[in-house]
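Below you'll find the structure, written out as structure tokens, and then a few comments.
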Amino acid sequence: MELSDSNASAIAERFKALGEPMRLRLLQALRAGECSVGDLAERTGGGQANVSKHLQVLLQQGYVDRRKEGTTSWYRITDPQVFTMCELVCGGLEEELDRKRKLLRRRKP
């Protein structure tokens, strides 16, 4: 499959949104269901302003959706495939760590 420059840029932006640990923690917190910004701040240990900033990026990239109820914003996952991507990466990391452990054991006298 060939990628146009604009498609490649859009895909890169989606991946870039996942390159921030706080955003990954927010996605994980939302895995259980819809949460308010305050709930997410409490669950992730982040400040409300910081959490809101990261949620905005996830919203722009289509990973989450938002609804307003009075003065409260509620977020939910809109792209559950993000968890499949994360699990693939985590599995790859586990394999890499196992490989490095085996190499270290072989080198020990």
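Bear in mind these aren't lab numbers, they're just calculated from the coordinates by the rules spelled out. All values derive from a computational prediction rather than experimental measurement. Because the Cβ atoms are built from the backbone with ideal geometry, glycine has one as well, and the counts that use them run over all protein chains shown.
Output the peptides 55-63, 75-83 sorted from most to least packed, where packing is the average of other Cβ atoms within 10 Å over each peptide's residues.
55-63, 75-83
Tell me the mean residue ellipticity at 222 nm calculated for the chain from its helices only (DSSP H runs of n ≥ 4, each -39500 (n - 2.57), averaged over every residue, nearest 500).
-21000 deg cm²/dmol
Compute, for segment 5-79, the length of the dipole vector about the Cα centre, with Cβ point charges of +1 (Lys, Arg) and -1 (Asp, Glu) only. Units Debye, rounded to 20.
80
If the cut-off is a Cα-Cα distance under 19 Å, which aspartates and glutamates reach residue 102, setting aside same-chain residues fewer than 8 apart in sequence?
The qualifying aspartates and glutamates are 94.
Quick check on the chain: take the gyration tensor over C-alpha atoms, sort the square-rooted eigenvalues as a ≥ b ≥ c, and tell me if it's rounded (a/c under 1.5), prolate or oblate.
Note, shape of the chain comes out oblate.
Taking +1 at the Cβ of each Lys and Arg and -1 at the Cβ of each Asp and Glu, which of 35, 70, 50 sits farthest along the dipole of the chain towards its positive end, judged by Cα position relative to the Cα centre?
Final value for the positive-end residue is 50.
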